[in-house]
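The values are calculated or read from the model by the stated rules, or taken from the named source; none is laboratory data. What you are looking at is a predicted structure, and each value in this text was computed from that prediction instead of being measured. Cβ coordinates were reconstructed from backbone atoms using ideal geometry, including for glycine residues, and neighbour counts include every protein chain displayed. The protein model used for the area step is the full one, side chains on, heavy atoms only, and it has no ligands, DNA or RNA in it. Shrake-Rupley method; radii C 1.70, N 1.55, O 1.52, S 1.80 Å.
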Amino acid sequence: MEPAERAQAARDRVPRLDPYGFERPEDFDYAAYEEFFSTYLVILTRRAIKWSKLLKGSSRVQTSMTAPPPSPSLDSMPPPEAGMRVPPVTPHTGPHPSYPPADLRSMRAVESQAGDGAGTLPQDTVKRYIRKGVPLEHRARVWMGVSGAQAQMDRNPGYYHRLLQGERNDSLEEAIRTDMNRTFPDNVNFRRGADPCLQKTLYNVLLAHGRHNQGVGYCQGMNFIAGYLILITKNEEESFWLLDALVGRILPDYYSPAMLGLKTDQEVLGELVRTKLPAVAALMDGHGVLWTLVVSRWFICLFVDILPVETVLRIWDCLFNEGSKIIFRVALTLIKQHQAFILEATSFADVCEKFKEITRGRFVTECHTFMQKIFSEPGSLPMTTITRLRERCRAKLLAQG
């Protein structure tokens, strides 16, 4: 069969919509995808069987390092009034952290969605399973468990709905409403004519979070993250608590008005590249390309609308469990894998374009291999190194004003 015929045959067999409701782009390589998925389907089936056995008879998933310490219930609080700051579930103070303090890293069990039952799952086992991929049917349960979002929701029954009943905040509501039609126009579930239309669900989640964390309110980029959470959980309240886990604990200060955490981590990536891939760092310096110009959307959107959907979800599996270090592993892998290609750049614009191109193609589509690479390609990446670089980069940014 000729290549054109093979491509057309694949186009006829592969659905136009992916499993999450996204339309495949016009330049989508159906033949390459079909070849990949025929192999990946075997892996998915095997992982689904293993996960079902792992979770069978166990209603508890161990929380990871990203989970918060126990906090008082917020259920007794009155609905937030205009101008009143709602205390976050887990206050963040001091330098940009990645994980809770060491004494909070103990293996604390969290009730999962399965209800009461016997046994908890060892954290090292869950970590190994998560790195190999969480099946779609278990993804919401696992994310809720390892992030601590399930525990927060259980401790605060009714809190989400009380937030939705709070007094109006016109500026917050307008900012969210402005981004509704910009959120996943290529996804049939977010179009106004959809039944049900997820725009209302997305609006509610972002509004509740803006009232809950008034220090952040709403920031562009959060709409894409919340949208993915809704597609996976199919549950407003769970999506809210997962968004709180990301914004409040896993990625502190990424979405605050000054975005100091986001700016810090972009600089940290630059320092890591300088150490591990000095030729790329020299190229960036030579053409005067700031890291924020080429990777800001990687960080602020957590690779949504940048990498293929299934690859993003595999990254998020690990992000919820292991924390923000995963973002550096993904970024370093993308750059290292395409180092020779990037080094061909001959101008400022060329560098920027090549950083766009490295997020496309077979390497990022084949998500299982890609995830194996992120734990091998960057080499050693101890948390002590990241913490030290964060402190240095944060101080430098603050000194610059």
Practice prompt. Any residue in the stretch 149-164 that's within 18 Å of Asn204 (Cα to Cα) and polar (S, T, N, Q): show its pairings with residues that are open to solvent by 20 Å² or more (accessible area, probe 1.4 Å) and in a helix (DSSP H, G or I) at Cβ separation under 6 Å, as long as the two are six or more apart or on different chains.
Written response: none
Worksheet item: Taking the stretch 155-193 only, how many residues are hydroxyl-bearing (Ser, Thr, Tyr), over 19 Å from Glu238 (Cβ atoms) and open to solvent by less than 80 Å² (accessible area, probe 1.4 Å)?
Response: 1
Worksheet item: Would it be correct to say that Gly145 is open to solvent by less than 10 Å² (accessible area, probe 1.4 Å), under 29 Å from Ile49 (Cα atoms) and outside any helix (DSSP H, G or I)?
Response: no
Practice prompt. From Val312, Val304, grab the single residue that is assigned by the TED database to the domain that holds Ser324, under 23 Å from Thr178 (Cβ atoms), at pLDDT 95 or above and not small (Gly, Ala, Ser).
Written response: Val304
Worksheet item: If we scan the stretch 371-382, do we find a residue that is over 25 Å from Glu34 (Cβ atoms), surrounded by 14 or more Cβ atoms within 10 Å (Cβ to Cβ) and of a type in the set (Ser, Thr, Tyr)?
Response: no
Practice prompt. Write out, first by first residue and then by second, each pair whose Cβ atoms fall under 8 Å of each other, whose residues are 6+ apart or on separate chains, and whose first residue, in the stretch 5-29, is of a type in the set (Lys, Arg) while the second is surrounded by 14 or more Cβ atoms within 10 Å (Cβ to Cβ) and in a loop (DSSP other than H, G, I, E, B).
Written response: Arg16/Arg24; Arg24/Val14; Arg24/Asp18
Worksheet entry | Top-ranked residue of the stretch 312-336 - restricted to ones that are among the polar types (S, T, N, Q) and touching a residue at least 60 places away in the same chain (Cβ under 8 Å), ranked as surrounded by the most Cβ atoms within 10 Å (Cβ to Cβ) | Asn321
Worksheet entry | For Tyr203: the one exception among (1) among the aromatic types (Phe, Trp, Tyr); (2) assigned to a helix (DSSP H, G or I); (3) open to solvent by less than 10 Å² (accessible area, probe 1.4 Å) | (3)
Worksheet item: Do you know which residues across the stretch 349-401 are of a type in the set (Gly, Ala, Ser), assigned to a loop (DSSP other than H, G, I, E, B) and more than 25 Å from Leu283 (Cα to Cα)?
Response: Gly401
Worksheet entry | Every pair of residues 6+ apart whose Cβ atoms lie under 7 Å, when the first sits in the stretch 194-211 and is within 12 Å of Glu236 (Cβ to Cβ) while the second is hydroxyl-bearing (Ser, Thr, Tyr) | Leu202/Thr183; Val205/Ser239; Leu206/Tyr218; Ala208/Tyr160
Worksheet item: Does Leu164 meet the test of being at pLDDT 95 or above and more than 20 Å from the chain's Cα centre (by Cα)?
Response: yes
Response to the item:
Within the stretch 261-298, the count of residues that are farther than 13 Å from Cys219 by Cα and open to solvent by less than 30 Å² (accessible area, probe 1.4 Å) comes to 19
